[in-house]
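K.L.:
Quick one: the structure is below, and I'll ask about it shortly.
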Amino acid sequence: MQVGSSYLGEPIARVEDPRLLTGGGRYLDDLGQDAVELAVLRSPHAHARILDIDVSGAIDVPGLLAIYTYDDLSGPLAEPLPLLIPHPSISAGRTQYVLAKDEVNYVGEAIAVVVAENRYLAEDAAERIEVSYELLPPVVGLVAAREAQQLVHRDVEGNVAAHFVQQVGDAAAAIAAAPHRLSLELSVERSASTPLEGRGVLARWDTDSQRLRVWTSTQTATGVRAAIAARLGLDLGSVEVITPDVGGGFGVKIVHPWPEEVLVPMAARALGRAVKFTEDRREHFISSAHERAQLHEVEVGFDDEGHLLGLSVRFWHDNGAYLPYGLIVPIITSTQLLGPYKPAAYRVEFESLYTNTVIVTPYRGAGRPQGVFAMERTMDAIAAELGIDRAEVRARNFIQPEEMPYDHGLIFQDGRPLVYDSGDFPATLDKLKALVGWDEWPAYQAQARASGRKVGLGLACYVEGTGVGPYEGGHVQIETTGKVKVSTGLTSQGQGHQTAFAQIVADELGVAISDIEVVTGDTRRFPYAVGTFASRAAVMSGSAIALAARAARAKILRVAADALEAAAEDLEIVDGMVRVKGAPGNEIALGTVAVLSNPLRYAFDEASKAATQFAVGDPDLPPVAEDDEPGLEGKDYYSPLRSTFANGMHAVIVETDPDTAEVAILRYCVVHDCGTLINPRIVEGQIHGGVAQGVAGALYERMAYDESGQLQNASFMDFLMPYVSEVPERIEIDHLETRSPLNPLGIKGAGEAGVIPGAAVFASAISDAEGFQITAMPISPSELFELRRQHAANAAQKGTQP
Amino acid sequence: MKPPAFDYSRPETLEEAVGLLAELSSGGKVLAGGQSLLPILSMRLAAPEHLVDINRIAELDTISAGPDGVRLGALARHAAVERDPAVRSTQPLIPAALRQVAHPTIRNRGTTLGSIVHADPSGEMPAVLALLGGSVTAVSARGRRTISAAEFFLGPLESALGPDEIAVEAYFPALAVRSGTAFAEVSRRHGDYAVCGVAALVSVDQERRITSARAGYLSIASTPLVLDLTEAVLGRRCADDLSAAGRLARQLVEPDADIHASADYRRDLAGVLSDRVITEAARAAAGSGPGD
Ligand SMILES: Cc1cc2nc3c(=O)[nH]c(=O)nc-3n(C[C@H](O)[C@H](O)[C@H](O)COP(=O)(O)OP(=O)(O)OC[C@H]3O[C@@H](n4cnc5c(N)ncnc54)[C@H](O)[C@@H]3O)c2cc1C
């Protein structure tokens, strides 16, 4: 470790917070106060043919500027939106048009857009557009999709978008031969990312330079830029995309381009006006993206000790009306379901099915919550079957630290082998057991039961592939003021990147955090990037920025060595000064090094005189050497061989009300291993937020579609995102830091961890409290009440049987 | 989610306001705290021509509590009523129920009378008014009239108030001697409209035996439902088993299912919560009489 390393690993306060907490944030809707606004006419039907669109009633609305329907689109704009991540097993990939062409496939699908002087008038006009429909039978829910009595897309048989199988060993034979066998049916319902800020786009077309500048609330500025350029037929160089402050993403904003991200720039160019679209809450519910709905059938064979001999999982994934994001979610379920375990044989098979509901794309956790639910419910069932402690059954199946790197023999979501790089699962479990008081639990529970209370302890383990490729880059520049400007192309949605990335650079360069400015998600500053998803920002951009800072440091030392007439190896950088080790006073400020790095003809200020032609340089050499560049900067990219795998284990203690069936959380414990902690405070914040979403998915949130495909709870009144009062007041956290060998800092991602075991750990705890197994999540008090009655009736029936 | 255009007036006197509403016939709509009305406008579920904002009418900003009961003017905000000591001692059921109305920020702005006029069958205050046998006084250009709670609530979001009328006062009878009240509800999240809520009013005799037990229910029927549960617990004391109250309530309610609760779960909650509030109200009644 280098001298002066002091920021990495420190729980320093986030540098972005004073600004955000005092109302200084600039979100999309804060921008473009002069812009005219766009509103979208959306389908009120889940499945219908469009017979006619009559805009005549809207034409005389005051302030109306334009109305567009599919017929107004041409060229690439009239093509279906891209299938972003193709996969060989997709047999019928369908994506929507930016504006519906002939048919709508979910309530909320965009049919027409209206641009008017403001949003009020735009909505007035949109309301007056008359669309005639021929209603088609809707397919809602996985059961209907699987039965395929009705089809979402006429030409997609069985509603099957894709069918995929992976296996290692002969699971069926292993299960058949196993001394014990169990089958389980497990289901998880739809939920959604639900960031507080919805989607939003602002575009300005500069008629003089024929250039487009777009601000969008996205998780991928470069992706949106490329998409807009392609759709509008512009050179990449003529399009700039800037990400302002983003009020949360959680996955939904990685999808791109959204129809509005294309339509707003299109209208801005056509009208020569700044145009803005700010999505409202209802629109977000019915026209962005959801996730999670899956049905799973698990077959497992195990020995007397609970070792997994064969595991076979079949599941059905509800991908909604279209498939823009490919199979990422079900592929993650199918691979990450394995968690820390090593079944002797494994087979997984899934079908991704179309339904007449909102599209499905990754939401924080991205298929893992379902997979972990399936696996962990199975572990609890094995423990119950054999009468073995639940933690013990898990421990017996763990991959051991000495088996790392561990190759599962499967292909992961990035198209690369599923190889765990690191982790110490037994140590993680030991820490969790100690934290929650696992061994004291039976006594506590017995005591509580004796006084009429129902309490339960749940446990769930997961492994999370983080930091998927292909790459990210970083740029570090030292200005002549000594300030350091850092940029990376991926975007920020509140994760604290400004702080975490500055911590990395501060250590690499020996400068104070306050002298570092970090810019993300601005294609003017860094045009090559992928995006912020899959818990990848710290791993990918963190690594790239570290490498870029190292390159900058090398140049600093080279230039300073010349100036100080010392060898580069003898120099160190402390507090923004480059100095000769052990020679006090023999030093030069970073800013001066920056001046010297850029040979000048003109002195623009006192300091810059030092770099002018009569001051420096060997007259026999070119001022800038052949293999050098002017300026003091470093740029580098990080592109890993494959993902790095974080892991964690959660425990929760719940109490269920014997009368009202309400579920109270008494304790929530987390042990988490994301390798090197750049900033423990930020990691804990990520865990807190994740746990809140885990609680949400387990106990509160669901998408309540009726049979006709209407979303009945498309507002925060009925979509029960938990308030602070529903989230555990205290989340007890312990860390383990097994470094990743795959990147320069040993980092693994931490962004999604908190949410992943949510459904599993609550199902485990409620089952423990109630004495029967919970097999479907989320669970409401009403559902728990009904389950109690059902199990009481079953028990009574059994009791009366001879 | 932007409302269609509407006209807006902010009269300074009640006279002006009712005059305006009379002129507008059915095109006018009273704006009080706006906590229910503005979301309705933004979602374009209603499109009144003209909003008559009553927030500047000083004479409506009153809270008074006397021996006969509590009187709330149209600008009495939930939060102010909840914290008023005279209200609390005159009719403790009012603050007990108000604490369950929405979240503090909404209670700061929303009016208690507004929530009664809004007549949401899931609202706490309509159920309280109905249980206590209170009334609403309305003023229009046609004159002034007082409508009993029993006649005020006509259906979900539908009251007996005419489009030209302004509700100027809600009246809640005071708590009688040897009587007690209690309130309980189950909601999915803190501050949400309840899945089921129950308010109770219990009276006892000098021997502290129950002489009357009534309960008001929210989120159970299309208007606030008041049940007389006296027969189930008549003559019992608060320390006795009062679960017959809940059993009777379970028989009498006919709730609907929605996305948050099955009908049977709601029915069971009505029973569970009836037991809880009848017991608590009986305890309060027993502790409140003279001679303690
Ligand atoms: C997030 C949220 C949660 C909520 N939760 C609850 C809850 O749990 N329980 C609950 O009871 N309420 C709840 N509310 C509603 C809240 O209590 C409102 O304050 C109340 O329903 C209406 O009062 P207001 O003064 O805001 O009326 P407004 O919104 O101004 O008006 C509501 C209706 O009443 C009419 N009106 C109002 N005052 C008068 C008057 N004096 N004369 C004639 N007509 C009048 C209006 O014309 C309108 O039709 C919630 C609201 C929100 C936004």
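The values are calculated or read from the model by the stated rules, or taken from the named source; none is laboratory data. What you are looking at is a predicted structure, and each value in this text was computed from that prediction instead of being measured. As a convention, Cβ positions derive from the backbone with ideal geometry for all residues, glycine included, and neighbour counts pool all protein chains shown. When the accessible area is computed, the model is the full protein with side chains, heavy atoms only, and any ligands, DNA or RNA have been set aside. Shrake-Rupley method; radii C 1.70, N 1.55, O 1.52, S 1.80 Å.
K.L.:
Test B:Ser159 against the criterion of being polar (S, T, N, Q), more than 9 Å from the ligand (Cβ to nearest atom) and either closer than 18 Å to B:Ala74 by Cα or assigned by TED's automatic domain parsing to the domain that holds B:Glu280 (or both), and give yes or no.
P.N.:
Working: polar (S, T, N, Q): yes; more than 9 Å from the ligand (Cβ to nearest atom): no; either closer than 18 Å to B:Ala74 by Cα or assigned by TED's automatic domain parsing to the domain that holds B:Glu280 (or both): yes.
Here the answer is no, as B:Ser159 does not meet what is asked.
K.L.:
How many residues does region A:512-531 hold that are aliphatic (A, V, I, L, M) and within 24 Å of A:Val224 (Cα to Cα)?
P.N.:
At the first step, the residues of region A:512-531 found to be aliphatic (A, V, I, L, M) are A:512-513, A:516, A:518-519, A:529-530.
Next, only the ones that are within 24 Å of A:Val224 (Cα to Cα) stay: A:518-519, A:529-530.
Within region A:512-531, residues that are aliphatic (A, V, I, L, M) and within 24 Å of A:Val224 (Cα to Cα) number 4.
K.L.:
All but one of (1) open to solvent by less than 20 Å² (accessible area, probe 1.4 Å); (2) in contact with a strand residue (DSSP E or B) (Cβ under 8 Å, 6 or more places away or on another chain); (3) more than 8 Å from the ligand (Cβ to nearest atom) hold for B:Gly123; which doesn't?
P.N.:
With (1) open to solvent by less than 20 Å² (accessible area, probe 1.4 Å); (2) in contact with a strand residue (DSSP E or B) (Cβ under 8 Å, 6 or more places away or on another chain); (3) more than 8 Å from the ligand (Cβ to nearest atom) applied to B:Gly123, the lone miss is (3).
K.L.:
Scan region B:181-204 for residues that are touching a Lys or Arg at 6+ places or on another chain (Cβ under 7 Å), at the interface with another protein chain (Cβ under 8 Å from one of its Cβ atoms) and either under 14 Å from B:Ala282 (Cβ atoms) or not β-branched (Val, Ile, Thr) (or both) and report the count.
P.N.:
0
Listed here are the residues, each with its yes/no results for (1) over 22 Å from B:Tyr217 (Cα atoms); (2) touching a helix residue (DSSP H, G or I) at 6+ places or on another chain (Cβ under 7 Å); (3) within 8 Å of the ligand (Cβ to nearest atom).
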residue	(1), (2), (3)
B:Gly110	no, yes, yes
B:His118	no, no, yes
B:Ala141	yes, yes, no
B:Phe152	no, no, no
B:Gly155	no, no, no
B:Asp164	yes, yes, no
B:Ala170	no, yes, no
B:Ala176	no, no, no
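K.L.:
Another question, if that's okay. Of all the residues that make up region B:16-39, how many are crowded, with 16+ Cβ neighbours inside 10 Å and within 12 Å of the ligand (Cβ to nearest atom)?
P.N.:
Of the residues in region B:16-39, 13 are crowded, with 16+ Cβ neighbours inside 10 Å and within 12 Å of the ligand (Cβ to nearest atom).
K.L.:
If you don't mind, another one. Please find, among A:Val107, A:Val114, the residue that is within 14 Å of another protein chain (Cβ to nearest Cβ) and outside any helix (DSSP H, G or I). I'd like the intermediate steps shown before the answer.
P.N.:
On the way: A:Val107 fails: within 14 Å of another protein chain (Cβ to nearest Cβ).
Exactly one residue qualifies, and that residue is A:Val114.
K.L.:
Considering only region A:272-285, I want to know if a residue exists there that is among the hydrophobic types (A, V, I, L, M, F, W, C), closer than 30 Å to A:Gln167 by Cα, outside any strand (DSSP E or B) and assigned by TED's automatic domain parsing to the domain that holds A:His47.
P.N.:
Applying the first criterion (among the hydrophobic types (A, V, I, L, M, F, W, C)) to region A:272-285 yields A:274-275, A:277, A:285.
This time we only want the ones that are closer than 30 Å to A:Gln167 by Cα, so: none.
No, that holds for no residue.
K.L.:
Quick one: is A:Lys431 charged (D, E, K, R), under 28 Å from the mean Cα position of the chain (by Cα) and in the same structural domain as A:Thr499 (by TED's automatic domain parsing)? Full working, then the answer.
P.N.:
Working: charged (D, E, K, R): yes; under 28 Å from the mean Cα position of the chain (by Cα): yes; in the same structural domain as A:Thr499 (by TED's automatic domain parsing): no.
No: the conditions fail for A:Lys431.
K.L.:
Taking the condition farther than 23 Å from B:Ala150 by Cβ, outside any helix (DSSP H, G or I), within 14 Å of the ligand (Cβ to nearest atom) and not basic (Lys, Arg), does B:Ala79 pass? Break it down stepwise before answering.
P.N.:
Values: farther than 23 Å from B:Ala150 by Cβ: yes; outside any helix (DSSP H, G or I): no; within 14 Å of the ligand (Cβ to nearest atom): yes; not basic (Lys, Arg): yes.
Here the answer is no, as B:Ala79 does not meet what is asked.
K.L.:
Give the residues of region B:83-94 that are open to solvent by less than 30 Å² (accessible area, probe 1.4 Å) and either within 9 Å of the ligand (Cβ to nearest atom) or more than 11 Å from the chain's Cα centre (by Cα) (or both), sorted by residue number.
P.N.:
Hits for region B:83-94 are B:Val87, B:Thr90, B:Gln91.
Conditions tested, residue by residue: (1) open to solvent by less than 10 Å² (accessible area, probe 1.4 Å); (2) of a type in the set (A, V, I, L, M).
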position	(1), (2)
A:Ala500	no, yes
A:Gly510	no, no
A:Arg525	no, no
A:Phe533	no, no
A:Arg553	no, no
A:Leu557	no, yes
A:Leu571	yes, yes
A:Val580	no, yes
A:Gly585	no, no
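K.L.:
Here's something else I'd like to know. Condition test on A:Glu701, is it away from the ligand (no atom under 16 Å from the Cβ) and either at pLDDT below 95 or not assigned by TED's automatic domain parsing to the domain that holds A:Leu435 (or both)? Working first, answer last.
P.N.:
On the way: away from the ligand (no atom under 16 Å from the Cβ): yes; either at pLDDT below 95 or not assigned by TED's automatic domain parsing to the domain that holds A:Leu435 (or both): no.
It is false that A:Glu701 is away from the ligand (no atom under 16 Å from the Cβ) and either at pLDDT below 95 or not assigned by TED's automatic domain parsing to the domain that holds A:Leu435 (or both).
K.L.:
Right, something else. Take region B:210-234 and flag every residue that is out of contact with any Leu (no Cβ under 7 Å at 6 or more places or on another chain) and either within 14 Å of chain A (Cβ to nearest Cβ) or open to solvent by less than 30 Å² (accessible area, probe 1.4 Å) (or both).
P.N.:
If the condition is that a residue be out of contact with any Leu (no Cβ under 7 Å at 6 or more places or on another chain) and either within 14 Å of chain A (Cβ to nearest Cβ) or open to solvent by less than 30 Å² (accessible area, probe 1.4 Å) (or both), then B:Leu218, B:Ser219, B:Ile220, B:Thr230 are the ones that fit.
K.L.:
A further question on this structure: If you scan region A:655-712, which residues turn out to be more than 21 Å from the chain's Cα centre (by Cα), within 14 Å of chain B (Cβ to nearest Cβ) and among the aromatic types (Phe, Trp, Tyr)?
P.N.:
A:Tyr705
Residue-by-condition table, conditions (1) part of a loop (DSSP other than H, G, I, E, B); (2) at pLDDT below 95; (3) of a type in the set (A, V, I, L, M):
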| position | (1), (2), (3) |
| --- | --- |
| B:Arg88 | no, no, no |
| B:Ile94 | no, no, yes |
| B:Ala97 | no, no, yes |
| B:Val101 | yes, no, yes |
| B:Asn108 | no, no, no |
| B:Gly114 | no, no, no |
| B:Val117 | no, no, yes |
| B:Asp120 | yes, no, no |
| B:Pro126 | no, no, no |
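K.L.:
Within region A:41-51, is there a residue that is free of Cβ contacts under 8 Å to residues at least 24 places away in the same chain and more than 22 Å from A:Glu261 (Cβ to Cβ)?
P.N.:
Here is the first cut: in region A:41-51, the ones free of Cβ contacts under 8 Å to residues at least 24 places away in the same chain are none.
Scanning region A:41-51, I find no residue that is free of Cβ contacts under 8 Å to residues at least 24 places away in the same chain and more than 22 Å from A:Glu261 (Cβ to Cβ), so the answer is no.
K.L.:
Could you pull out the residue among B:Gly69, B:Gly27, B:Gly33 that is at pLDDT below 95 and in contact with a strand residue (DSSP E or B) (Cβ under 6 Å, 6 or more places away or on another chain)? Give the steps one after another, and end with the answer.
P.N.:
Values: B:Gly69 fails: at pLDDT below 95; B:Gly33 fails: at pLDDT below 95.
Within the list B:Gly69, B:Gly27, B:Gly33, the selection yields B:Gly27.
K.L.:
Here's a follow-up. Would you check if there is a residue in region B:163-170 being open to solvent by less than 50 Å² (accessible area, probe 1.4 Å), away from chain A (no Cβ under 14 Å), touching a residue at least 24 places away in the same chain (Cβ under 8 Å) and in a loop (DSSP other than H, G, I, E, B)?
P.N.:
Of the residues in region B:163-170, the ones open to solvent by less than 50 Å² (accessible area, probe 1.4 Å) are B:164-170.
Those still in the list that are away from chain A (no Cβ under 14 Å) too: B:164-170.
Add one more test, that the residue is touching a residue at least 24 places away in the same chain (Cβ under 8 Å), and what stays is B:164-170.
Checking the rest, the ones that are also in a loop (DSSP other than H, G, I, E, B) come to B:164-165.
Checked against the condition, which is being open to solvent by less than 50 Å² (accessible area, probe 1.4 Å), away from chain A (no Cβ under 14 Å), touching a residue at least 24 places away in the same chain (Cβ under 8 Å) and in a loop (DSSP other than H, G, I, E, B), region B:163-170 yields at least one hit.
K.L.:
A further question on this structure: Here are some conditions: (1) more than 14 Å from chain B (Cβ to nearest Cβ); (2) over 14 Å from A:Pro259 (Cα atoms); (3) open to solvent by less than 20 Å² (accessible area, probe 1.4 Å). A:Arg119 meets all but one. Which one does it not meet?
P.N.:
(1)
K.L.:
Go through (1) more than 6 Å from the ligand (Cβ to nearest atom); (2) open to solvent by 40 Å² or more (accessible area, probe 1.4 Å); (3) of a type outside the set (Phe, Trp, Tyr) for B:Ile106 and report which single condition fails.
P.N.:
(1)
K.L.:
Given the residues A:Ala293, A:Ala344, which is the only one that is in contact (Cβ under 8 Å) with a residue 24 or more places away in the chain and in contact with an Asp or Glu (Cβ under 6 Å, 6 or more places away or on another chain)?
P.N.:
Numbers: A:Ala344 fails: in contact with an Asp or Glu (Cβ under 6 Å, 6 or more places away or on another chain).
Residue meeting the stated conditions: A:Ala293.
K.L.:
OK, next. Could you name every one of the helices (runs of 4 or more DSSP H) located completely within region A:135-237 that has at least 2 residues being touching a Gly at 6+ places or on another chain (Cβ under 6 Å) and buried (at least 22 other Cβ atoms within 10 Å of the Cβ)?
P.N.:
Numbers: elements: A:142-147, A:171-177, A:221-232.
Hits in region A:135-237: A:171-177, A:221-232.
K.L.:
Of the conditions (1) among the hydroxyl-bearing types (Ser, Thr, Tyr); (2) within 13 Å of the ligand (Cβ to nearest atom); (3) in contact with a helix residue (DSSP H, G or I) (Cβ under 9 Å, 6 or more places away or on another chain), B:Thr62 fails just one. Which one is it?
P.N.:
(3)
K.L.:
In region A:720-732, how many residues are more than 10 Å from every other protein chain (Cβ to nearest Cβ) and in a loop (DSSP other than H, G, I, E, B)?
P.N.:
Step one: of region A:720-732, the residues more than 10 Å from every other protein chain (Cβ to nearest Cβ) are A:727-732.
If we keep only those that are in a loop (DSSP other than H, G, I, E, B) too, we end up with A:727-731.
Qualifying residue count for the region: 5.
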